[in-house]
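The values are calculated or read from the model by the stated rules, or taken from the named source; none is laboratory data. Bear in mind the structure is a predicted one, so any value in this text is a computation, not a measurement. All Cβ positions, glycine included, derive from the backbone under ideal geometry; neighbour counts span all protein chains shown.
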Amino acid sequence: MHVPTAAQDARAPASDEALDLQLKRVAIDTNLENVVYLNRDCLIYRIAGFQALSKVEVISGEHRITAKLNVVDDAAIIGPEQIGLSEDAFKRFGVEAGALARVRHAEKPASTSALFRKINGERLEKSDYHAIVRDISGGHYSKIELTAFLIATSNGELDRDEIYFLTDAMVASGRRLQWHEHMVVDKHCIGGIPGNRTSMLVVPIVAAHGLLCPKTSSRAITSPAGTADTMEVLANVNLAQDRIASIVQEHRACLAWGGTADLSPADDVMISVEHPLSLDSTTQMIASILLKKKRRRLNAFDT
């Protein structure tokens, strides 16, 4: 626990208002990771005993977000009276730039004990996976913690039931598409082979025969480019859920990146960690594929 020095006590704010910092949007893409920026000369940074890369919680009214702390020495980026949020964090926070916000040490995610048990090789139950995935979707895990979880659940580490528990938790974490049709079809392959773009051929053929095929694809994990990356050369694939719905209603199909439709937020964050590690475990792949099928193929006859 940090104990303030006498000098730090002398700098303690005289009122609660002195704890407020002005929110600033920092135009840095952190690839689905929440990052907060504080100036090293910020009074709150000094008296709270923050350290770079530690997890903090930013609060403004009813809005809260957990983020990794980066410390800035250049006042042109973040001044001593400001608090900055990366592009991902700013979007998730949902508060306008210039608003007042406070920062404090973040509490450990509720699922931390389950994560540690899995790292130690224990078998987890359904409720454990739901707790972990909720924290991942809520942005409460750092990428270091995510990496530990992915390694602990990689090839051979999950039994059949655990794969189901993980898939079920990921399905419950995002939004679903409802098509109200008798039949909704889909196509998937595991990818990883450069130049293998069967989806871009199969989807329009299927749609031309009148079948409904709302296809979302991933970006690259272990290959130079995923289907969504290749399709992006021809058309915009960063489509919101409403835009996907309108395209499918008009053309009976689409080919979009799933990351912008909020269909599988936990899966998207996990992939952002798997990519730089070139980690493509069978267990994670099965869960990822099955959850996308459930989210896209929901129709009037699903229960």
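Inside the stretch 201-238, residues that are closer than 17 Å to Glu250 by Cβ and surrounded by fewer than 18 Cβ atoms within 10 Å (Cβ to Cβ) make up a count of 7.
Determine which member of the set Glu62, Glu57 is exposed (fewer than 13 other Cβ atoms within 10 Å of the Cβ) and either under 23 Å from the mean Cα position of the chain (by Cα) or of a type outside the set (A, V, I, L, M) (or both). Within the list Glu62, Glu57, the selection yields Glu62. Taken over the stretch 94-124, the criterion of being free of Cβ contacts under 8 Å to residues at least 24 places away in the same chain, surrounded by 13 or more Cβ atoms within 10 Å (Cβ to Cβ) and among the small types (Gly, Ala, Ser) is satisfied by Ala114 alone. Taken over the stretch 92-144, the residue count meeting the criterion of being part of a helix (DSSP H, G or I), more than 19 Å from Val273 (Cβ to Cβ) and over 17 Å from the mean Cα position of the chain (by Cα) is 5. All conditions but one from (1) closer than 28 Å to Ala89 by Cα; (2) crowded, with 19+ Cβ neighbours inside 10 Å apply to Arg175; the one that does not is (2). Could you list, in sequence order, the residues of the stretch 239-289 that are on the phi > 0 side of the Ramachandran plot and polar (S, T, N, Q)? Ser278, the sole residue that qualifies. When Ala52, Ala67 are screened for being crowded, with 22+ Cβ neighbours inside 10 Å, in contact with a strand residue (DSSP E or B) (Cβ under 6 Å, 6 or more places away or on another chain) and hydrophobic (A, V, I, L, M, F, W, C), only Ala67 passes.
Tell me which residues, restricted to the stretch 191-219, are modelled with pLDDT of 75 or more, in a loop (DSSP other than H, G, I, E, B) and not basic (Lys, Arg).
Result: Thr198, His209, Gly210, Leu211, Ser218.
Is there a residue being modelled with pLDDT of 80 or more and surrounded by fewer than 18 Cβ atoms within 10 Å (Cβ to Cβ) anywhere in the stretch 251-258? Among the residues of the stretch 251-258, at least one is modelled with pLDDT of 80 or more and surrounded by fewer than 18 Cβ atoms within 10 Å (Cβ to Cβ), which makes the answer yes.
Would you check if Ile136 is buried (at least 17 other Cβ atoms within 10 Å of the Cβ) and in contact (Cβ under 8 Å) with a residue 40 or more places away in the chain?
Working: buried (at least 17 other Cβ atoms within 10 Å of the Cβ): yes; in contact (Cβ under 8 Å) with a residue 40 or more places away in the chain: yes.
Yes, satisfied.
Those residues that are within 24 Å of Tyr141 (Cα to Cα), among the small types (Gly, Ala, Ser) and touching a residue at least 40 places away in the same chain (Cβ under 8 Å), I need them from the stretch 61-93; list them, please. Answer for the stretch 61-93, where residues must be within 24 Å of Tyr141 (Cα to Cα), among the small types (Gly, Ala, Ser) and touching a residue at least 40 places away in the same chain (Cβ under 8 Å): Ala67, Gly84, Ser86, Ala89. Going by the structure shown, is Ala97 within 21 Å of Gly61 (Cα to Cα) and at pLDDT 95 or above? Yes, satisfied. Among the residues of the stretch 261-281, those that are modelled with pLDDT of 80 or more and more than 16 Å from the chain's Cα centre (by Cα) comprise Leu277, Leu279. Could you list, in sequence order, all residues of the stretch 51-91 that are part of a loop (DSSP other than H, G, I, E, B) and in contact with a helix residue (DSSP H, G or I) (Cβ under 8 Å, 6 or more places away or on another chain)? Scanning the stretch 51-91 gives a single hit, Pro80.
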